[in-house]
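The block underneath contains the structure these notes are about, expressed in structure tokens.
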Amino acid sequence: MPKAATQGPAEEGAPVLARRGELEGWTVDHVEFRQPVDGAAVMAGLPGGCSCPHRGDVLRGRTAFRFEDHEEVFGAGDVFHLPPGHVSQIEAGTEIVQFSPTAQLRAFEQAAAAAAGGGPG
């Protein structure tokens, strides 16, 4: 059975510590948010929010995901499924493990980088 290790060295002072692994078409992210993150800033220039679905588990802390017509809030111990069209609002001290379809995640990340002026779209 395939497995991915998401452990890695911590970067001192980084606002977000993200470790990533790949599992047969799925990307696994283990993320610790050391500072609050407002996804609206990341998604500026991208209409409709994040275009990639995610499934995951909140290990500690609290996160909210805004959709066009409602908001979902998750805390420690909650498991989530996010369809496309969400924008995150994550509190400092939150830690999650998240699973995303790799092809859709890469497409979104490329579009976000291009919208931010950080690379090809």
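The values are calculated or read from the model by the stated rules, or taken from the named source; none is laboratory data. Quantities reported herein were computed from a predicted structural model and do not represent experimental measurements. Because the Cβ atoms are built from the backbone with ideal geometry, glycine has one as well, and the counts that use them run over all protein chains shown.
Only a single criterion out of (1) surrounded by 15 or more Cβ atoms within 10 Å (Cβ to Cβ); (2) within 26 Å of A115 (Cα to Cα); (3) out of contact with any Gly (no Cβ under 8 Å at 6 or more places or on another chain); (4) not hydroxyl-bearing (S, T, Y) is not satisfied by Q89, namely (3). Note on the stretch 90-105: residues that are under 12 Å from the mean Cα position of the chain (by Cα) and within 17 Å of P47 (Cα to Cα) amount to 1.
Scanning the stretch 72-121 for residues that are of a type outside the set (G, A, S), out of contact with any Cys (no Cβ under 8 Å at 6 or more places or on another chain), at pLDDT below 95 and in a helix (DSSP H, G or I) gives E109, Q110. Per the conditions (1) under 24 Å from P15 (Cβ atoms); (2) touching a residue at least 60 places away in the same chain (Cβ under 8 Å), the sole criterion not satisfied by T102 is (1). Looking at G39, G21 in this structure, which one is surrounded by 12 or more Cβ atoms within 10 Å (Cβ to Cβ), of a type outside the set (A, V, I, L, M), touching a strand residue (DSSP E or B) at 6+ places or on another chain (Cβ under 7 Å) and closer than 18 Å to G85 by Cβ? After applying the criteria, what remains is G39.
Residues in the stretch 47-71 that are touching a helix residue (DSSP H, G or I) at 6+ places or on another chain (Cβ under 9 Å) and not in a loop (DSSP other than H, G, I, E, B) were compared, and the one that is surrounded by the most Cβ atoms within 10 Å (Cβ to Cβ) is C50.
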